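A.B. asks: Could you have a look at this structure, given as structure tokens, before my questions?
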2 protein chains.
Amino acid sequence: MDAVADERIKSAHSAYESASRASPATRASWLEAIATGLESRSEELVGLAHGETRLAVPRLEGELRRTVFQLRLFAREVELGTDLDATIDHADPDWGMGPRPDLRRVNVPLGVVGVFGASNFPFAFSVAGGDTASALATGCAVVHKVHTAHEKLGEATAEIVIAALSDARAPEGLFSVIYGREAAISLVEHPLTAAVGFTGSTSVGRALFDRAAARPRPIPFFGELGSINPVIVTPGAWASRRRELIEGFAGSFTLGAGQFCTKPGLLFVPRGEDELAGILAAALAEFSVDGMLSPAIHRGFDAALEANRDEVGVTTLVEVDSSGVRATVLEIDADEVERHPAVLAREMFGPASLVIRYSHLTQVTRLIAQIEGQLTATLHAEATDDVEQLLEVLASKAGRVLWNGWPTGVTVSYAQQHGGPYPATTMPSSTSVGTSAMARFSRPVAFQAFPDAQLPEALQDRNPWGIRRRVDGVYQPEATSAQ
Amino acid sequence: MDAVADERIKSAHSAYESASRASPATRASWLEAIATGLESRSEELVGLAHGETRLAVPRLEGELRRTVFQLRLFAREVELGTDLDATIDHADPDWGMGPRPDLRRVNVPLGVVGVFGASNFPFAFSVAGGDTASALATGCAVVHKVHTAHEKLGEATAEIVIAALSDARAPEGLFSVIYGREAAISLVEHPLTAAVGFTGSTSVGRALFDRAAARPRPIPFFGELGSINPVIVTPGAWASRRRELIEGFAGSFTLGAGQFCTKPGLLFVPRGEDELAGILAAALAEFSVDGMLSPAIHRGFDAALEANRDEVGVTTLVEVDSSGVRATVLEIDADEVERHPAVLAREMFGPASLVIRYSHLTQVTRLIAQIEGQLTATLHAEATDDVEQLLEVLASKAGRVLWNGWPTGVTVSYAQQHGGPYPATTMPSSTSVGTSAMARFSRPVAFQAFPDAQLPEALQDRNPWGIRRRVDGVYQPEATSAQ
């Protein structure tokens, strides 16, 4: 047991015991305080992030803006009480299965949540990112493992979060950070850790998932792991707007040096003579990066790229070097993939993608049916295309399906779903982006036949918190309206 | 791989692919058909159940009534579309973090669900029980492992369910049953199994959970395992209505020969001279059972009872034999429990309970803080008692907290929560009873920028299914009202 982790987790648990009693308004004020704190030091944070991650400044500014917005959107959602899902069934002597007692249910926070920051989103999926916001929103405490790729930024961000929470009079220890592998393992295995949120590679994620499942008391492990994000272009779309599609593809798979969990890693296009290589080469001529997030990620990218290149039937369509990072498009015929499907499951985390040339959409449907769970799947089609069956298969594989768009770009909203069947995530019913992300870190408790005064506020008759509730099966008009 | 299980699971998967497209009205009609089928042969089913389980006929009649009611309540809920959680965010160029695309989310069924029937509820937690109803309601297929304690009943019930689904034109193979240990393991490990619902012992449940987690593609395992269900009586309540409480306790822990997951296994009462033993003996004088559910359960009960009796400081308060089944109340002082807490974690699955004599409620709070997760926790108190801190600890440990009631009796309603932290369940955010039980077997899919005609019906602008939806953060008035 790592001593620092042990101490942080114990403090966090004490803080959670207070936080679990906090009103929605109080919890919302914590999120607001963090948002304001981040804004007030945004220039410094972006500078630190750029220095450590080599990601472009405008991208980092946008990511920080998104992170601040996310905290505020969650604050508004908490005020509505959506996360509490308060449900009241009054006693009913005539209930169909026999007399029903008064029964009222509300969500309570799980406890201490261990959060693992991601390398590729130093703000949105790191110290003050979506997992932290989700957990604090519901009244959980957070112990955050800072990613080694941006530890200075992590330290500075943590300082801001801790000061903001202190100013907002949140319980001491509600948020803290730890560093290093030993502390990370202690975080997953500590008896007081109640759940884990993780974003990272399939190999590391699975190893931690296995530890979480093997505990004497297993805990929920919300891991977002790997995704290849297939994109399919129908013959109709390919015929009508090929150039636009190729340019969009080039922009999407190289965005942030391809270091996105939603990077399009497979592009299915029809067989035939076309200008794909030429248009791609032109679109990638300006490819320019400062490097990758870390030497380890760079090595992993090169290894996966070469492994795919070595598969039977794979050729290199385009390759452009910038600072030693090779933006690459490989190509293979779908018939070869049917014989050697390994390329359907090998993620290249970096600016590379594989074009698969198909004979007919039924062949694509057959291949997609073989792939693993995905965060996203995309279809570029014309309105008149017959794609019903293909769309069904795409929806059966992915958490988000896009029509005529590119998957790199994940809005934070009510309907967002950033998740999917394994290995996209370890919990297919969960999302790590959007307001539903909060649902991961609470559990329901029902109170049977309680006197009103002894009930939690959320369930008292007069609805002191003015939250949305369902009463005797009927959703009540909202006390407050969204936005 | 068990050949029969393999064949059933493959058929189930094909059926799920059709079922996942079914409208709420169609899915509701399947549940209705099963309910009607069970009703039409209720006498035969109760007879079979009595022969195999030795549970009393009136209890079995009530349980079957509850099972039929549950199917119909879920059908009504499906018609409302609650399980779909349809959420629509229109495109918004002014969205705070940058332009938002049109994004719409709906829940889709997970796939083939493996369901393990319980020994102690031959109807409500077996072939046509809550797990099956939940899974079919959402459009999943079910392969049900029949419990060895009532295989004839299981076969007859399965026949009814399969015939009802066929009459209702559900896809063939949507529901099937398997028997035996080898088939059970295949069900958990089969690549096409997408989730498991289990009710049973902690040892068997944990072994299956471990297999589900160790798969190449881990799947959600919704296990309801062990619970001891502490009941606490305050000094005030003990002084004012001791006789009534003791009689209520005797009735609750012996109900169904104590073979309930919600049986009160610990009763905390104040120290002191009282008539506990005498009143208990009188209340248990009429104790009469035909035996236990199975010889294995009987052996397990005797072993746990003797293990608790052997703990330092434990004495026998009352013991009454009926057909070789010993209704037993043990007693121990809370000071001894503080020194030897093993009794706080040893479930006696049968008609036995342990009375713990405490000095002060703060001692009870300290002991409850040590117990594992529970399905229920109960407080008997007077309105004027100061029990705030104790209630907080109880809510932190259990899925359902009762005030002045007994935990054996679980209504099926909107607010019900039958779950709790491990080992009560393997998934603390889930319930296996009540309409929220459906949420276990679906996952969300978001559709980005889709033309209306290509969207699933649940998300189309005109709302063809007339379901409840959230649009741009605002919950819409319901198209249909509950009940």
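A.B. asks: For segment B:53-105, give me each residue that is closer than 15 Å to B:Tyr414 by Cα and β-branched (Val, Ile, Thr).
C.D. replies: B:Val78, B:Thr82
A.B. asks: Right, something else. Picking from A:Ala277, A:Ala304, A:Ala283, which residue would you name as being within 27 Å of A:Ile368 (Cβ to Cβ), more than 30 Å from the chain's Cα centre (by Cα) and in a helix (DSSP H, G or I)?
C.D. replies: A:Ala277
A.B. asks: Let me ask you something else. Suppose we filter B:Thr138, B:Thr148 for residues that are hydroxyl-bearing (Ser, Thr, Tyr), surrounded by fewer than 21 Cβ atoms within 10 Å (Cβ to Cβ) and closer than 19 Å to B:Phe125 by Cβ; which single one remains?
C.D. replies: When all the criteria are applied, what remains is B:Thr148.
A.B. asks: Looking only at segment B:328-349, how many residues end up being more than 19 Å from B:Val233 (Cα to Cα) and in contact with a strand residue (DSSP E or B) (Cβ under 7 Å, 6 or more places away or on another chain)?
C.D. replies: 1
A.B. asks: Continuing with the same structure: Quick check on my filter: what residues within segment A:338-378 are assigned to a loop (DSSP other than H, G, I, E, B) and without any contact (Cβ under 8 Å) to a residue 40 or more places away in the chain?
C.D. replies: A:His340, A:His360, A:Ala369, A:Gln370
A.B. asks: Among the residues of segment B:384-398, write down those that are closer than 13 Å to A:Pro451 by Cα and at the interface with chain A (Cβ under 9 Å from one of its Cβ atoms).
C.D. replies: Hits for segment B:384-398 are B:Val387, B:Glu388, B:Leu391.
A.B. asks: Further, regarding this structure: Residue under question is A:Ala91, and the condition is that it be modelled with pLDDT of 95 or more and over 17 Å from the mean Cα position of the chain (by Cα); does it hold?
C.D. replies: Considered against the rule, which asks whether it is modelled with pLDDT of 95 or more and over 17 Å from the mean Cα position of the chain (by Cα), A:Ala91 comes out as yes.
A.B. asks: Does B:Arg66 meet the test of being among the basic types (Lys, Arg) and within 30 Å of A:Phe69 (Cα to Cα)?
C.D. replies: Judged against the criteria, B:Arg66 is not a match.
A.B. asks: Looking for whichever is surrounded by 20 or more Cβ atoms within 10 Å (Cβ to Cβ) and more than 28 Å from A:Val325 (Cα to Cα) here; the options are A:Leu84, A:Leu64. Which one fits?
C.D. replies: A:Leu84
A.B. asks: Name the residues in segment A:399-412 that are in contact (Cβ under 8 Å) with a residue 40 or more places away in the chain and at the interface with chain B (Cβ under 7 Å from one of its Cβ atoms), would you?
C.D. replies: Residues satisfying the conditions are A:Asn404, A:Val412.
A.B. asks: Kindly provide the set of residues from segment A:424-480 that are more than 9 Å from chain B (Cβ to nearest Cβ), part of a loop (DSSP other than H, G, I, E, B) and either of a type in the set (Phe, Trp, Tyr) or more than 25 Å from A:Asp92 (Cβ to Cβ) (or both), ordered by number.
C.D. replies: A:Ala424, A:Ser432, A:Val433, A:Trp465, A:Gly466, A:Thr480
A.B. asks: Shifting gears a bit: Go through segment A:193-218 and count every residue that is out of contact with any Lys or Arg (no Cβ under 8 Å at 6 or more places or on another chain), more than 13 Å from chain B (Cβ to nearest Cβ) and outside any loop (DSSP other than H, G, I, E, B).
C.D. replies: 5
A.B. asks: Here are some residues: A:Asp102, A:Asp94. Which one is touching a His at 6+ places or on another chain (Cβ under 7 Å), surrounded by fewer than 24 Cβ atoms within 10 Å (Cβ to Cβ) and either within 12 Å of chain B (Cβ to nearest Cβ) or of a type in the set (Phe, Trp, Tyr) (or both)?
C.D. replies: The match here is A:Asp102.
A.B. asks: Continuing with this model, one more query. So, in segment A:221-269, how many residues would count as being basic (Lys, Arg) and buried (at least 24 other Cβ atoms within 10 Å of the Cβ)?
C.D. replies: Final tally of qualifying residues: 1.
A.B. asks: Can you tell me which condition A:Trp30 does not meet? The list is (1) under 26 Å from A:Gly139 (Cβ atoms); (2) modelled with pLDDT under 95, and all the others hold.
C.D. replies: (2)
A.B. asks: Anything in segment A:37-65 that is under 18 Å from A:Gln259 (Cα atoms), under 20 Å from the mean Cα position of the chain (by Cα) and not acidic (Asp, Glu)? List them, or say none.
C.D. replies: A:Ala49, A:Thr53, A:Leu55, A:Arg59, A:Leu60, A:Gly62, A:Leu64
A.B. asks: Also: Every residue in segment A:379-398 that is without any contact (Cβ under 8 Å) to a residue 60 or more places away in the chain and out of contact with any strand residue (DSSP E or B) (no Cβ under 9 Å at 6 or more places or on another chain), please.
C.D. replies: The answer is A:Ala383, A:Asp386, A:Glu388, A:Gln389, A:Glu392.
A.B. asks: Condition (residue is more than 22 Å from the chain's Cα centre (by Cα), of a type outside the set (S, T, N, Q) and surrounded by fewer than 24 Cβ atoms within 10 Å (Cβ to Cβ)) applied to segment A:107-126: is it met by at least one residue?
C.D. replies: Yes: segment A:107-126 contains one or more residues that are more than 22 Å from the chain's Cα centre (by Cα), of a type outside the set (S, T, N, Q) and surrounded by fewer than 24 Cβ atoms within 10 Å (Cβ to Cβ).
The values are calculated or read from the model by the stated rules, or taken from the named source; none is laboratory data. Predicted, not measured: the structure shown is a model, and the values here were computed from it. Here Cβ is always computed from backbone atoms with ideal geometry, including for glycine, and neighbour counts include all displayed protein chains.
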